[in-house]
Amino acid sequence: MSQHIVVIGGVALGPKAACRFKRLEPGSTVTMIDQSSLISYGGCGIPYYVSGDVSDAKELCTTSFHMVRSPEFFKEIKGVDVRILTKATHIDRENKEVHVENVTTGETASISYDKLVIATGAAPRKLGLPGEDMQGVSYVCNPDDATRIREGISKGEVGNAVIIGCRFYRSGNGRSLCRHVGRGNERRGNHRPDHAAPRQSGSCHHGPKAHGRKRCELLFR
Ligand SMILES: Cc1cc2nc3c(=O)[nH]c(=O)nc-3n(C[C@H](O)[C@H](O)[C@H](O)COP(=O)(O)OP(=O)(O)OC[C@H]3O[C@@H](n4cnc5c(N)ncnc54)[C@H](O)[C@@H]3O)c2cc1C
């Protein structure tokens, strides 16, 4: 039986699920939606986009064969329909419909499904501290957040930077900020446990020593 599979979220889990389903049931229709414009990007590359080592956010979406994993790529190569800038606003389980809104135009529609995959990821945990929403405070979770930081740096709005949370991903952001902000500026990383970026391996992770060389200071506990 031909089914309609709808996948909400198009970064890591969403595309995997969509393409796998299409491979298993080629006769089915698979639709993937995401509220943002970039899909299927490597989140681990975001710090390198902040640093400028990756110049264009679209490079985060590039395959090893230099193809950009765009909606057209998913349609032509994978047979998956993709709607970007499309936000799921309501799930009507009784009628098996997802209500969506075009985040640019505000236009609304509904998409019916036989099976629904929710791959909407995670959001940074807010600290609940006074001042956390002030100008100059950024959460880094996706390329759009990184773009805002890059723009701030290029406008000369960043002198000193403080990074809260230095494990795994954030340590990459810290190194990147050090490189990008430039000489004469500082970055501090604050982290509660005794070890920043534990169990590091491979070329992505260099640990506190590298931070030191780049005028970074790590504060624990
Ligand atoms: C800076 C940074 C560095 C990282 N480095 C590494 C690393 O080195 N190694 C590693 O393994 N992992 C790393 N990660 C983590 C990795 O990126 C995530 O684990 C992975 O992206 C999770 O994928 P996901 O598909 O579950 O969710 P997400 O990547 O969060 O994608 C969810 C998508 O759903 C969309 N969405 C949410 N709500 C809706 C809605 N209502 N309607 C439509 N769309 C919606 C969001 O816009 C988003 O695009 C890093 C993450 C960050 C932020």
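Any read-out appearing in this document is the output of simple, stated calculations on the displayed coordinates, not a laboratory observation. Since the structure is predicted, the reported quantities are computational estimates derived from the model, not experimental observations. All Cβ positions, glycine included, derive from the backbone under ideal geometry; neighbour counts span all protein chains shown.
I need the phi-derived Karplus couplings for the stretch 49-61: 6.51 cos²θ - 1.76 cosθ + 1.60, θ = phi - 60°, integer Hz, Gly and Pro marked x.
Computed from phi, the couplings for the stretch 49-61 are 6, 4, 6, x, 4, 9, 7, 10, 4, 5, 5, 5, 9 Hz.
If you keep only loop residues by DSSP, which trypsin sites (Lys or Arg not before Pro) in the stretch 88-143 have at most 16 other Cβ atoms within 10 Å of their Cβ?
Passing sites in the stretch 88-143 are 93, 96, 125, 126.
List the residues, sorted by chain then number, that are 5 or more residues from residue 30 or on another chain and whose placed amide H is less than 5 Å from its amide H.
5, 81
Which of the peptides 44-50, 84-90, 143-149, 102-108 is most tightly packed, and how do the rest follow, judged by the mean count of other Cβ atoms within 10 Å per residue?
44-50, 143-149, 84-90, 102-108
For the stretch 4-118, what size does the Cα cloud have along each of its three principal axes, sorted from largest down, in whole Å?
That gives 48, 33, 20 Å along the principal axes, largest extent first.
Counting only residues 5 or more places away or on other chains, whose amide H sits under 5 Å from the amide H of residue 100 once H atoms are built in the peptide plane?
89, 109, 110, 111
Out of all DSSP beta bridges in the stretch 1-109, what portion is antiparallel? Express it as a percent rounded to 5.
55
³J(HN,Hα) across the stretch 114-124 via Karplus (A = 6.51, B = -1.76, C = 1.60, θ = phi - 60°), whole Hz, x for Gly/Pro?
9, 10, 10, 10, 9, 10, 8, x, 10, 10, x
Would you grab the residues whose amide H sits under 5 Å from the one on residue 11? Only those 5+ places off in sequence or on another chain, please, with H modelled 1.01 Å from N.
40
A 27 angstrom limit on the alpha carbon distance is what I want to check against. Which of 16/155; 22/126; 22/58; 75/96 exceed it?
16/155; 22/126
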